[in-house]
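See structure below.
Quick note: the coordinates plus some simple rules give every number you see, no bench work behind them. The structure displayed is predicted, hence computed values, not measured ones. Note that each Cβ is placed from the backbone with ideal geometry, even for glycine, and that neighbours are counted across all protein chains shown.
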């Protein structure tokens, strides 16, 4: 009769042990499940030095980069559209991060005319080719305007910002106006879309 309390104590200890093991197991399982179901985080360098410049701000700040901007480093400018209705530098960044140096928003995903500067410009790295392009010259600055210009035109604020940016790049980096390129007649994000006003850009 005297051993009954020991049996009860043993059962109580066993029960506590099983509850503790079950709790730890469930917490571990939940942690693994959350890690599996959570979206893939952006790579640290996806848009690591992204900053926005509103339409009223000076463009001088784009030359304050981590890597010095050398005038002899850049010789060409490539302008394209995102081929999306809206978005921003974060939403168009691919697996390897933002491929463009600059992104100009259209009001859907960013302020209309807002200039977003990616880490490739901040680090003075070459652009990545847009889908549909095999390669981009390492001396080429890539600018993406958010929008699908096969179905609509860029906004007036986007065009003003693009002209300001091009004028600044040409002036500071001595880029020939003839070295600003668009790919016309190409569908997808590599081109500018059929409704992009290429002629007025050239003017």
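Between residue 172 and residue 199, what FRET efficiency follows from the Cβ-Cβ distance if R0 is 25 Å, with the result rounded to 0.05?
That pair, residue 172 with residue 199, gives E of 0.50.
If the range 91-167 were replaced by its equivalent ellipsoid, with semi-axes equal to the square roots of 5 times the Cα gyration tensor eigenvalues, what would those be, largest first, whole Å?
Ellipsoid semi-axes (Å, largest first): 21, 14, 12.
Would you list 111, 103, 133, 77 from fewest to most Cβ contacts within 10 Å?
Working: 111 16, 103 29, 133 19, 77 23.
Going from least to most buried by this count: 111, 133, 77, 103.
Calculate, in nm to one decimal, what residue 139 and residue 84 gain on full extension: separation in residues at 0.36 nm each, minus their alpha carbon distance.
Details: separation 55, 0.36 × 55 = 19.80 nm, distance 2.64 nm.
Between residue 139 and residue 84, full extension yields 17.2 nm more.
Please compute P(r) over all alpha-carbon pairs of the range 50-203, binned at 10 Å starting from zero, and give each bin as a whole-number percent.
Final binned percentages: 12, 46, 38, 4.
Antiparallel DSSP bridges in the range 51-202: what percent, to the nearest 5?
Among the beta bridges of the range 51-202, antiparallel pairing accounts for roughly 35 percent.
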